[in-house]
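Take a look at the structure below.
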Amino acid sequence: MQIAGVQKTSLIDFPNKISTVLFTIGCNMKCPYCHNKQISFDFVCPPQPMLMDEVFSLIQERLGFIDGISISGGEPTIQKDLLDFCFEVKKRFGLLIKVDTNGSNPHVIDELIKKKLVDYLALDIKTSFQRYKGSLGVDGKNILKSYNIIKDSGVDYELRMTCYPDFISTEVIDELLPYLNYRDRLFIQKCNNENTYDAGQLELFRNIFKEQGYGQTGIR
Ligand code: SF4
């Protein structure tokens, strides 16, 4: 695992849990609003991976204070040994594990779920599945596959829709609705970029979902 850094305690990352957050290095997407560009793809100064002994020691020190770990990034599912790492965390510490993902590697998500190595998944919905290729150069079918795997798994999850105007619009939401499920917990987020929507527009997006019966749609 290539981990750039650790946030020792987070009260907000893992819903209703106290967690330690690990930030993995590298991502297979290049979102213009990325919150963590310098460890995801914009390696002006190459991030140095932490030693795994150091990571495990840090987790060990947090035992008794945390309920689990959150693995964020970057994109955790491109890490070759993500499954082994989660297995090790479960075996050594018995902690809950949350994984943030852009959904591009459904087979990894499937394995995490089948092997009971993940307790919470946060999946990004960046645009409609048919627009992923044009917007981000990745196959939207994989994101849809990940979504369906997660939705049908029984593992607790949330969807996060960052509202970057080039990627999200009322038309895009109309394209998404036939694929999503009204029981989804969906968070509409303002994007970390000067090119963004105002609060009123985010409210409008939320209302579109609410009118379609999505009772668990929130704005972050
Ligand atoms: S998928 Fe996430 S980590 Fe990767 S570039 Fe986009 S916002 Fe950044």
Exercise. Could you work out the relative contact order of the chain, using alpha carbon pairs under 8 angstrom and six or more residues apart, expressed as a whole percent?
Key: 15
Quiz item: Stokes-Einstein at 4 °C, 1.567 mPa s, Kirkwood radius from Cα pairs: D for the range 78-162 in µm² s⁻¹?
Solution: 98
Quiz item: Working out 0.36 nm times the residue gap between residue 10 and residue 48, then minus their Cα-Cα distance, what length gain in nm do you get to one decimal?
Solution: 11.4 nm
Quiz item: How much of the calculated P(r) for the range 3-158 lies past 18 Å, in percent of all Cα pairs?
Solution: 57
Quiz item: Measuring from a point 7 Å past the Cα of residue 133 along Cα-to-C-beta, which residues in the range 173-209 have an amide N at less than 18 Å?
Solution: 175-176
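Provide the percentage of antiparallel DSSP beta bridges, counting only those with both residues in the chain; round to the nearest 5.
15
For the range 3-158, with all protein chains present and a 1.4 Å probe, just round the carbon and sulfur fraction of the accessible area to a whole percent. Don't skip to the answer; put the middle values down first.
On the way: 3760 of 7230 Å².
Carbon-and-sulfur percentage of accessible area, whole number: 52.
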Quiz item: Pick from 143, 78, 173: which residue has the top mean-square fluctuation in a GNM of the chain where Cα pairs under 10 Å get a spring?
Solution: 173
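About the Cα centre of the chain, what is the dipole size in debye to 20, counting +1 per Lys and Arg Cβ and -1 per Asp and Glu Cβ, all else neutral? Don't skip to the end; give the middle numbers.
Working: 26 positive and 28 negative charges, 71 e Å.
Magnitude of the dipole: close to 340 debye.
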Quiz item: Kirkwood hydrodynamic radius of the range 136-220 from all distinct Cα pairs, in Å?
Solution: 13.6
Practice problem: Rounded to the nearest 500, what is the 222 nm mean residue ellipticity of the chain from helices alone, with -39500 (n - 2.57) per DSSP H run of 4+ residues and division by all residues? | Solution: -9500 deg cm²/dmol
Self-check item: Amide H within-cut-off set for residue 197, under 5 Å, with H built and near neighbours excluded
Solution: 191
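Compute the FRET efficiency between residue 111 and residue 179 as 1/(1 + (r/R0)^6), taking r as their Cβ-Cβ distance and R0 = 25 Å, and round to the nearest 0.05.
Details: r = 23 Å, r/R0 = 0.92.
Efficiency at R0 = 25 Å is approximately 0.65.
The values are calculated or read from the model by the stated rules, or taken from the named source; none is laboratory data. Model, not experiment: these values are computed from the prediction. Positions of Cβ are generated from backbone atoms using ideal geometry, with glycine treated the same way; all protein chains shown enter the neighbour counts. Only protein heavy atoms, including side chains, enter the accessible area calculation; ligands, DNA and RNA are left aside. Shrake-Rupley method; radii C 1.70, N 1.55, O 1.52, S 1.80 Å.
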